[in-house]
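The values are calculated or read from the model by the stated rules, or taken from the named source; none is laboratory data. Quick caveat, the model's predicted, so the values are computed rather than measured. Every residue, glycine as well, gets a Cβ built from its backbone with ideal geometry; the counts of neighbours run over all protein chains shown. What goes into the accessible areas is simple: the full protein's heavy atoms, side chains included, and nothing from ligands, DNA or RNA. Shrake-Rupley method; radii C 1.70, N 1.55, O 1.52, S 1.80 Å.
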Amino acid sequence: AENEPSWETPCASLLVYVSTPGCDGFPSLDSSESYKLSVSKGSMLLSAETIWGALRGLETFSQLVGRDENGMYYINETEIVDFPRFPHRGLLLDTSRHYLPLKAILETLDVMAYNKFNVFHWHIVDDPSFPYESSTFPELSKQGAFNAMTHVYTASDVRSVIEYARLRGIRVIAEFDTPGHTLSWGPGAPGLLTPCYVGQGPSGVYGPINPIVNSTYQFVTSLFQEISAVFPDFYLHLGGDEVDFTCWKSNPEIRAFMVQMGLGQDYKKLESFYIQRLLDIVSSLGKGYIVWQEVFDNDVKLRPDTIIHVWKENDLQYLNEIANVTRSGYRALLSAPWYLNRISYGQDWIKAYKVEPLMFEGVPEQKALVIGGEACMWGEYVDVTNLTPRLW
Amino acid sequence: RYYEYIFGHSRRRTWGRWPLAARAEPELFQLQVVIEAGDPGCDRHPQLASSEAYHLTVTEPVAILKAPEVWGALRGLETFSQLVHEDDYGSFLVNESEINDFPRFPHRGVLLDTSRHYLPLKSILTNLDAMAFNKFNVLHWHIVDDQSFPYQSIYFPELSDKGAYSSNLIYTPTDVRLVIEYARLRGIRVIPEFDTPGHTQSWGKGQKDLLTPCYNGGQPTGSFGPVNPVWNTTYNFMTKFFKEISSVFPDEFIHLGGDEVDFSCWKSNPEVKEFMKKQGFGIDYAKLESYYVQNILDIVSSYKKGQMVWQEVFDHKAQLKPDTVVQVWMANNYARELSRVTGAGFTAVLSAPWYLDYISYGQDWKKYYSVEPLNFPGSEEQKKLLIGGEACLWGEFVDATNLTPRLWPRASAVGERLWSSSNVTNLQDAYNRLTNHRCRML
């Protein structure tokens, strides 16, 4: 009869075809995520160049399946050709302001996969705590974690996160933010941070990493050697944001160094001095890097393949920043309008949705340098009790 | 349950460490709870006038918690549970203490909205636990509204049959009894709100000819407005409906709503316009609203229940009963409203600065904590008429997935403001205690 639905050929299986093998590898910035999905009477086919595209297609397929009032699963006849607009679609979690148990991170990775995110930006350490268990410098977490027994990420934890992410086509980019945001590094690495002075004597308080002593660079080399081996992604995020110069200015040895090096009173040059050496170290370890926008704003000499992370938000200034960054030939990542930790009443998703990352004055070559963006969930007011409903 | 709260989440259990220190210090063996009144009230329901005072003496070997009524004993038990702490070796310690405590305000409430989003029973019960941790004593259950009618009525089953979001998103009589009893055991009154004549779209689904049909150019548009105040059937319905509500909910008060009535539908309806003329209300629809509200107040009074109303009912000059409680919610110049309400001799409850559904970034608990409810122009007698306040968590953007982290621990700031003395205002001290309290609640 014409009113009966055509159930004659129930769909039994989804055929998945991947043209380039690579199930054992890691996703990268250049990975293809395109897929084709064909659903018709009697056949369902998902084909993709890479396994990563197949994962995206599988997610789409799972969203197409519905269930009617009788409990019958159904899917519409469908023809989809899909690929992402931006190759870097990330989420930042902050595990320093508040520790996040492994389960919370893994759960977040699941939801990221439901939303086709492909980068987990792990802002793992910062001022308040150092939960990363380093094999080279075990004292860092022993002294710097909120609780060295319960609030740390062991090597095994880190491996779990990386593998769990990989199985979902998500890259893990670790951020070890320096030279600022490093107070928690101090207790486990004596001599690393700059001693602040009050008048002639040390005040007992510490500031950013001390950029004038060789031990700093030895430490940084060893630490990043370990980090480069632990985290398989080509990119590391090196931070470089919000460096407070007051402590450096108060320290007589640093003031002497400034004179010696002819840097005058421009402490941005001192910051650049440190950052440049850091970038060289990381490059020599065979890694690429992402830095927060201050590093670009402060005229640090960067490698041409540096990615600049635009985060400062005041009145759409970020669009100008993206324009400047891309005009200088660097690739850009956008986070400024997507600080999801800044909650507000009502349907604020609309504001985030309306953002158009390419709405700036620039030639097509510039626009091509915007490789994507990241939603950030800073942890000042976030822990496992409210992470999920705040983020999603 | 307090034994479980105090000793159940022992670090010793989770870490498997055993105390290294010998039990050499003076030891507290027992907490004796004494309720002084002849009739302690254990089988009855808490009321506005119930005593919540208690006296706690912690000394070895036996601590004594004395209270006139069982409600005070519950408050004292909560305090005692907060005094006991665990040291690094897993020993439980409590300082020698002498506490004489009683609430500053007798009405300390939390409003939950189960109409904008259905809240499963578990959410409500968990919230009652959290309320008890913060010495809240009123659950203002805004149970139905425009969006859905989850309350399963015995006399009018169609109301939830047609008005709930779905057949399993309802509160059966058993569910309601459970909430009331769970609350009672924590010294919490349950005041239901059946908000009329506005906020009633969902009522019209299951009750034909209750809401006002709206007109456009002489023809009904098919949409409906507030409850129709001109038909007798409306008052017959309300009489029967509130008879049920009065027997289902044991508290002496019922909240009748009365807020945000949109007059445009009434204005469009020819029968209503005719009625306005007959009654001599002119074009002042506030008078029609008051006419309706007064009738409902009479109905509910006849069932020996007191009434709570939103401030518009007072503002629009309806004739209230002398013991009607007015809830002040409009944020604009609420101090002046408190003066007016108490100046007219009515008791007031403050919610305006405590709309916790209005989230914002950062430590907004400080803003709630810093409210001084009696900061309004008025005499001593007037100030006595402010009986407390309520933290409101409206449900437009709230359901079981985010209720708890959104409401707590921000509501704790309101809880302390309503219980503690007016001079307990130090934000730094409050911060230190609040951070501890939050971890304890978790």
*So, in nm, how far is label residue B:44 from label residue A:160 when the simple model puts each one 7 Å beyond its Cα toward the Cβ?*
5.5
*In nm, give the distance between the simple-model label positions of residue B:381 and residue B:364, each being 7 Å from the Cα along the Cα-to-Cβ direction.*
3.9
*Given a 1.4 Å probe, how much area per residue of chain B is accessible, in Å²?*
45
_Using a Förster distance of 25 Å, the FRET efficiency for residue A:301-residue A:384 (Cβ separation, nearest 0.05)_ = 0.05
*What does the charge dipole of region B:107-441 about its Cα centre add up to, to the nearest 20 debye, if the Cβ of each Lys and Arg holds +1 and the Cβ of each Asp and Glu holds -1?*
560
*So how long is each side of the protein assembly as shown along the principal axes, counting just the alpha-carbon atoms, biggest first, in Å?*
89, 87, 51
*Label residue B:294 and residue A:115 with points 7 Å out from Cα along Cα→Cβ: what is the distance between them in nm?*
5.5
_Cα-Cα P(r), region B:107-441, percent of pairs per 10 Å interval_ = 5, 25, 33, 24, 9, 2, 0
_For region B:371-442, the fraction of alpha-carbon pairs in successive 10 Å shells from zero, as %_ = 15, 40, 30, 14, 1
*Over region A:11-50, calculate the relative contact order: mean separation of alpha carbon pairs under 8 Å at least 6 apart, over the residue count, as a percent.*
55
*Considering only protein heavy atoms and a 1.4 Å probe, what is the carbon-and-sulfur percentage of the accessible area of region B:61-181?*
55
*asked:* Counting only Cα atoms, I'd like the Rg/Rh figure for region A:243-296, Kirkwood definition for Rh.
replied: 1.04
*For region A:1-150, the spread of Cα positions along each principal axis, largest first, Å*: 75, 37, 25
*Report, as an integer, the average count of C-beta atoms from other chains found within 10 Å of each Cβ along B:348-359.*
1
*Which value, in debye to the nearest 20, describes the size of the charge dipole of region A:15-82 about its Cα centre when Lys and Arg Cβ atoms bear +1, Asp and Glu Cβ atoms bear -1, and nothing else is charged?*
160
*Please state, as a whole number in µm²/s, the translational diffusion coefficient that the Stokes-Einstein equation yields for region A:15-82 at 10 °C and 1.306 mPa s, with Rh defined as the Kirkwood radius across alpha carbon pairs.*
124
*Sites residue B:3 and residue B:420 - FRET efficiency at Förster radius 22 Å, r taken between beta-carbons, to 0.05*: 0.25
*What list of ³J(HN,Hα) values in whole Hz, one per residue of region B:106-122 in order, does the Karplus curve 6.51 cos²θ - 1.76 cosθ + 1.60 (θ = phi - 60°) give from phi, with Gly and Pro shown as x?*
x, 10, 10, x, 10, 9, 10, 10, 9, 9, 5, 9, 5, 10, x, 3, 4
*Taking N as the number of residues in region B:50-125, what is its alpha-carbon radius of gyration divided by 2.2 N^0.38 Å?*
1.49
*Arranged from highest to lowest average of other beta-carbon atoms within 10 Å per residue, in what order do the peptides A:213-222, B:213-222 appear?*
A:213-222, B:213-222
_Need the per-residue list for region B:380-413: every residue with at least 30 Å² less accessible surface in the complex of protein chains than in the chain by itself, probe 1.4 Å, sorted by number._
B:397, B:405
*Place a label point 7 angstrom from the Cα of residue B:317 along the Cα-to-Cβ direction, then list the residues of region B:328-347 whose backbone nitrogen is under 16 Å away.*
B:341, B:344
_Inside 10 Å of the C-beta atoms of A:288-297, what's the mean count of C-beta atoms belonging to other chains?_
0
*Calculate, in nm to one decimal, what residue B:332 and residue B:158 gain on full extension: separation in residues at 0.36 nm each, minus their alpha carbon distance.*
58.8 nm
*Add +1 for every Lys or Arg and -1 for every Asp or Glu among the other residues with Cβ under 14 Å from the Cβ of residue A:303, and state the total.*
+2
_Given the options B:48, B:82, B:34, identify the residue whose Cα lies farthest towards the positive end of the charge dipole of region B:34-103 (+1 on Cβ of Lys, Arg; -1 on Cβ of Asp, Glu)._
B:48
*Where Rh denotes the Kirkwood radius from the mean inverse Cα pair distance, what is Rg over Rh for region A:128-178?*
1.02
*Roughly speaking, what is the stretch gain from residue B:433 to residue B:126, that is 0.36 nm per residue apart minus the C-alpha to C-alpha distance, in nm to one decimal?*
108.3 nm
*asked:* Using protein chains only and a probe of 1.4 angstrom, how many square angstrom of residue B:422 are accessible, to the nearest 10?
replied: 60
*Compute the relative contact order of chain B as a whole-number percentage, counting only Cα pairs closer than 8 Å that sit 6 or more residues apart in sequence.*
13
_Two-site FRET efficiency, residue A:263 against residue A:353, from Cβ-Cβ distance with R₀ of 56 Å, rounded to 0.05_ = 0.80
*Identify unpaired cysteines across chain B, taking unpaired to mean no other cysteine Cβ lies under 4.7 Å from the residue's Cβ.*
B:42, B:392, B:439
_Distance between region B:346-372 and region A:44-115 - C-alpha centres, whole angstrom_ = 40
*How long are the three semi-axes of the equivalent ellipsoid for region B:142-288, computed from the Cα gyration tensor as the root of 5 times each eigenvalue, in whole Å, largest first?*
31, 17, 12
*chain A - percent of accessible surface contributed by carbon and sulfur, probe 1.4 Å*: 54
*Given the peptides A:236-245, B:33-42, arrange them by the average over their residues of other C-beta atoms within 10 Å, most packed first.*
A:236-245, B:33-42
*Max mean-square fluctuation residue, GNM over chain A, Cα-Cα springs under 10 Å, options A:170, A:212, A:124*: A:212
*Report the dimensions of chain A along its three principal axes from the alpha-carbon atoms, largest first, rounded to Å.*
96, 51, 45
_Percent breakdown of C-alpha pair distances by 10 Å bin, ordered from the shortest bin, for region B:294-371_ = 17, 43, 26, 12, 2
*asked:* For chain B, set up a GNM with springs between Cα atoms under 10 Å and report which of B:212, B:401, B:172 has the largest fluctuation.
replied: B:401
*Any idea what the relative contact order of region B:18-99 is, in percent, if you count C-alpha pairs under 8 Å spaced at least 6 apart?*
33
*When we measure straight from the Cα of residue B:277, which aspartates and glutamates land under 15 angstrom away, once same-chain ones fewer than 8 places off are left out?*
B:289
*Can you work out ³J(HN,Hα) from phi for every residue in region B:197-211, in order, using Karplus 6.51 cos²θ - 1.76 cosθ + 1.60 and θ = phi - 60°, giving whole Hz and x for Gly and Pro?*
x, x, 6, 10, 3, 5, 5, x, 5, x, 10, 5, 6, 10, 8
_For region B:209-249, what does the convex hull of the Cα positions come to per residue, in cubic angstrom?_
74
*Per DSSP H run of n ≥ 4, the term is -39500 (n - 2.57); total these for chain A, divide by its residue number, and report the mean residue ellipticity at 222 nm rounded to 500 deg cm²/dmol.*
-9000 deg cm²/dmol
*Treating the beta-carbon of each Lys and Arg as +1 and of each Asp and Glu as -1, no other charges, what is the dipole magnitude of region A:38-181 about its Cα centre, to the nearest 20 debye?*
200
*asked:* Using only the Cα atoms of region B:231-322, what are the Rg and Dmax in Å?
replied: 13.9, 40
*Hey, got the average number of other protein chain Cβ atoms within 10 angstrom for residues in A:380-390?*
4
*At a probe radius of 1.4 Å, figure out the B/A buried accessible area, summed over both chains, and give it in Å² to the nearest 100.*
1300
_For residue B:162, give me every one of the lysines with a C-alpha distance below 18 angstrom, ignoring sequence neighbours fewer than eight places off in its own chain._
B:205, B:208
*Please sort B:66-73, A:202-209 by packing, taking for each peptide the average over its residues of neighbouring beta carbons within 10 angstrom, highest first.*
B:66-73, A:202-209
